[in-house]
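The structure appears right after this line, and notes come after that.
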Amino acid sequence: MTTSLNPSQTGPKKKISFIIRDVEEPRHRAAVSALQYDAKSGRLFTGGSDTIIRTWSVPQHKDAFSARGGVRSPGKSSGNYLSSLEQHTDWVNDLVLCGNGKILISASNDTTVKIWNVERDNKHRFVDCLRTHKDYVSCLAYAPNVEKAISASFDSNIFVYDINSNFKTVNNFTGKDSIYSLTTTPNMSLVLAGGTDKCIRIFDPRTNEKPIKMRGHTENVRALLINDEGTRVVSAGSDGTIRLWDVGQQLALDTCIAHEEGVWTLQVDASFSNIYSAGKDKMVVRTPCRNFSQSQLLFVEDAPVKKLLLSERENPTSIWVGTWRSDINRWSIRSSNLQLSINGDDDGPSTSAAYYAKPIHDRTRDQIPQQTKAELTIEGAPAIKQHKTLNDKRRVLTKDTAGNVALYDVLTAKKVENYGIREFDEVVTESMQVVFIPSWFTVDCKSGMLQITLDELDAFSAWLSTRDAGFDVDDKETKVGIVNYGGMMLRSLFEKWPPCKVTGMEAVDGDETQRATSHYFPIPEHTPLIVCEGNGRPLLRLLVGDAYKEKEAHELSQVIPPWVTDAIERNSLPKFNKMPFYLLPHPLTNTKQPKKDRLSATEMLQVKKVMEHVYEKVLNNSDGVIPINQIHTRIEMYCNDQKLEPEMDLRTVKHFYWKQSGELLLQYRPIRGA
């Protein structure tokens, strides 16, 4: 008879993360890198660095005109937020609509491909998670004639999925190095991939033979598109070039250098007549395939462009743009509304000799942008771009892209104060305290929101007295308890999980270590909770408030790490550290230096307790008992000739005053006349 092991008790070490956020997050908070548009329903799907996929209802291009003779009214329209799809735990890199607009596929840095049902008449819902890749999933492709979806990753692998067979993996190709770009024909006769090895690989799914390579780019190949017939390919790279290839001859037919920096995204109309390109230099350029020297500057965005998407492939009239900012813009690209370029005519840029004597990207920059204002903008929200954990190891200061400074309480998972627009360093200086508490969590803001992570090595490092943690309101109380911030946090995160709920009641009446988590705070139920492997690969994402549900509770029990269950099920925490130190009279006391005795106490011991020990045990005073809150009137304590405050604990003294690797040395000095 064999016994199956709980996966949570085996395998690599795991981490616990949670995100501090608002109940509703209807606007993007960071870069937008994935766009898909369903013209039939007028829905736009967007994804990016904040991990959330959002759905918008947007007006058709014709609705962006006013009723006055078709005169454009730029910047007045916006999209209506419909819903969010939340399962990813890292940046969303790409989106693909398939199944006649009923299915959405997403690719993420969390190494997963996720499937969503987005049928108009149904509530959008999560369908499945594909864990075929081992590294960031960078791009997707779709072959509508055969209903196949394709994903590629930094792990060099390309996987093909049969949409009609519940996304069963039906093929696998292996490239070289990280793959950044992917494309296929409508019938999937060819699959092309490009990446950091600077070449384009052409795979034939019918034969699975060794791929053909097309070389020419000198840096990473960031974007690829192929025509429906599979005869022409357009590529773009970090080398700033756009190249047109003949697939049959495996030859570059032309090279365009219309950009000053790397080109990250491409779009081509259905007839393969015009190429739309953008990237790091913020310029969005249209280049005719028949003449790569005739690039036209359409408009300039406010930030580097991550993604372009034509609203229509046939005779496109507008283009969606996602950038490093959280706003999403739709720009008109109708030829009838284009302005003239500098020294140009109705056919585009100037044909003067002086114009063509310049490098091509200089010619592009010299042109007047043919649009100066987007016709439609979906506004984003400010993203946190800077953070500082305060010395109390409970509060985190942040600054967002709008310049607002805010204060967050990690233990309550809430924003507790908004300072408005302030100098960040100034607020940090005002908020810092002279206290040292070991770090027990790490902070990340790459999603534009605060993500707090706990791991086994540091989660239980922060032991404090209840008084230092602010839980003892009676200053006369002499008996002080202890708390563990990490243990409290875990109990807050898993409060709704049934095993935690039972042991939480037991902890109140337990021993001192068990009571160390009893001061935990309820946190917002909408807080996302993530269990991931040590390398960040996610195992489960759920909302804190859903942990009591049967399905979520079961899934949690399968992945929760043992160091967490020890704390919340068994009320077992690692013991707090003791600190050795030496105690001597201060040289100014002119006393004979006694033998240097080595003492030991908890790191949380306050200086006033050491003063009390000196007064009663070392100096053998017989004046009776002195109240602990008055002991500083009889004894002074020093470290490195700096007078210490009675309320400081030993680890704070060692960190801020001793500042040496050796064991702490404290010196005492009786106050004369006391």
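Tell me, yes or no, whether the stretch 452-461 has at least one residue that is among the polar types (S, T, N, Q), within 22 Å of Arg515 (Cβ to Cβ) and touching a helix residue (DSSP H, G or I) at 6+ places or on another chain (Cβ under 8 Å). The answer is yes, given that some residue of the stretch 452-461 is among the polar types (S, T, N, Q), within 22 Å of Arg515 (Cβ to Cβ) and touching a helix residue (DSSP H, G or I) at 6+ places or on another chain (Cβ under 8 Å).
Only one of (1) within 23 Å of Thr46 (Cα to Cα); (2) modelled with pLDDT of 95 or more; (3) within 28 Å of the chain's Cα centre (by Cα) is not met by Arg125, so which one is it? So the condition that Arg125 fails would be (2).
Residue check: is Ile568 crowded, with 17+ Cβ neighbours inside 10 Å and in contact with a helix residue (DSSP H, G or I) (Cβ under 6 Å, 6 or more places away or on another chain)? Yes; evaluated as a whole, the condition is true for this residue.
Checked against the criterion of being within 30 Å of Asp110 (Cα to Cα) and in contact with a helix residue (DSSP H, G or I) (Cβ under 9 Å, 6 or more places away or on another chain), the candidates Pro538, Pro585, Pro562 yield just one match: Pro562. Among strands (runs of 3 or more DSSP E) entirely within the stretch 154-255, having at least 2 residues that are aliphatic (A, V, I, L, M) and in contact with a Cys (Cβ under 8 Å, 6 or more places away or on another chain) singles out 179-184, 242-246.
Residue check: is Pro574 surrounded by fewer than 18 Cβ atoms within 10 Å (Cβ to Cβ), within 23 Å of Lys13 (Cα to Cα) and under 27 Å from the mean Cα position of the chain (by Cα)? Walk me through it before giving the result.
Details: surrounded by fewer than 18 Cβ atoms within 10 Å (Cβ to Cβ): yes; within 23 Å of Lys13 (Cα to Cα): yes; under 27 Å from the mean Cα position of the chain (by Cα): no.
Taking the combined requirement at face value, the residue does not satisfy it.
Evaluated against (1) in contact with a Phe, Trp or Tyr (Cβ under 9 Å, 6 or more places away or on another chain); (2) at pLDDT 90 or above, His655 falls short on exactly one condition, (2).
Candidates are the residues of the stretch 323-334 that are under 14 Å from Phe299 (Cβ atoms) and outside any loop (DSSP other than H, G, I, E, B); the one that is farthest from the chain's Cα centre (by Cα) is Ser332. Counted as qualifying within the stretch 258-311 are the strands (runs of 3 or more DSSP E) with 3 or more residues that are touching a Ser or Thr at 6+ places or on another chain (Cβ under 6 Å), namely 305-310. Within the stretch 78-113, take every residue that is free of Cβ contacts under 8 Å to residues at least 40 places away in the same chain and touching a Phe, Trp or Tyr at 6+ places or on another chain (Cβ under 7 Å) and give me the one that is surrounded by the most Cβ atoms within 10 Å (Cβ to Cβ). So, considering only residues that are free of Cβ contacts under 8 Å to residues at least 40 places away in the same chain and touching a Phe, Trp or Tyr at 6+ places or on another chain (Cβ under 7 Å), the one surrounded by the most Cβ atoms within 10 Å (Cβ to Cβ) is Asn109.
Specify which of the listed residues (Pro524, Pro499) is within 25 Å of the chain's Cα centre (by Cα) and at pLDDT 85 or above.
On the way: Pro499 fails: within 25 Å of the chain's Cα centre (by Cα).
When all the criteria are applied, what remains is Pro524.
If you take the residues in the stretch 230-270 that are within 19 Å of Gln296 (Cβ to Cβ) and acidic (Asp, Glu), which one is nearest to the chain's Cα centre (by Cα)? Checked the stretch 230-270; the qualifying residue nearest to the chain's Cα centre (by Cα) is Glu261.
Within the stretch 263-311, track down each residue that is β-branched (Val, Ile, Thr), closer than 15 Å to Leu224 by Cα and touching a Leu at 6+ places or on another chain (Cβ under 6 Å). Full working, then the answer.
Pass one, the stretch 263-311, residues β-branched (Val, Ile, Thr): 263, 265, 268, 275, 284-285, 287, 300, 305.
Within this subset, residues satisfying the condition of being closer than 15 Å to Leu224 by Cα are 263, 265, 268, 275.
Across the stretch 263-311, the qualifying residues are Thr265, Val268.
Filtered by the rule that a residue be farther than 17 Å from Val191 by Cα and in contact with a His (Cβ under 8 Å, 6 or more places away or on another chain), the stretch 220-237 gives a lone residue, Gly237. Is it the case that His586 is farther than 15 Å from Ser17 by Cα and either assigned by TED's automatic domain parsing to the domain that holds Leu664 or at pLDDT below 95 (or both)? Here the answer is yes, as His586 does meet what is asked.
Scan the stretch 175-195 for residues that are closer than 19 Å to Ser138 by Cα and surrounded by fewer than 18 Cβ atoms within 10 Å (Cβ to Cβ) and jot them down. Selection gives Lys176, Asp177, Ser178.
Which of the residues spanning the stretch 591-614 are touching a residue at least 40 places away in the same chain (Cβ under 8 Å) and part of a helix (DSSP H, G or I)? Even if it seems obvious, please write down each step before you answer.
Going through the stretch 591-614, the residues touching a residue at least 40 places away in the same chain (Cβ under 8 Å) turn out to be 598, 601-607, 610-611, 614.
Val607, Val610, Met611, Val614, listed by residue number.
When Glu423 is tested against (1) surrounded by fewer than 17 Cβ atoms within 10 Å (Cβ to Cβ); (2) on the phi > 0 side of the Ramachandran plot; (3) not assigned by TED's automatic domain parsing to the domain that holds Gln514, exactly one condition is not met: (2).
The residues of the stretch 147-174 that are surrounded by 17 or more Cβ atoms within 10 Å (Cβ to Cβ) and more than 28 Å from the chain's Cα centre (by Cα), listed by number, are Glu147, Lys148, Ile163, Phe173. Checked against (1) farther than 26 Å from Ser447 by Cα; (2) at pLDDT 95 or above, Glu301 passes all but condition (1).
The number of residues in the stretch 534-571 that are closer than 13 Å to Lys14 by Cβ and assigned to a loop (DSSP other than H, G, I, E, B) comes to 6.
Please work out if Leu253 is without any contact (Cβ under 8 Å) to a residue 24 or more places away in the chain, within 25 Å of Phe203 (Cα to Cα) and among the aliphatic types (A, V, I, L, M).
On the way: without any contact (Cβ under 8 Å) to a residue 24 or more places away in the chain: yes; within 25 Å of Phe203 (Cα to Cα): yes; among the aliphatic types (A, V, I, L, M): yes.
So Leu253 passes the test.
Comparison of Thr429, Thr364, Thr372 shows that the only residue that is modelled with pLDDT under 95, farther than 20 Å from Ile530 by Cβ and surrounded by fewer than 19 Cβ atoms within 10 Å (Cβ to Cβ) is Thr372.
The values are calculated or read from the model by the stated rules, or taken from the named source; none is laboratory data. What you see is a predicted model, and the numbers here were worked out from it, not measured in a lab. Cβ: placed from backbone, ideal geometry, glycine included. Neighbour counts: every protein chain shown.
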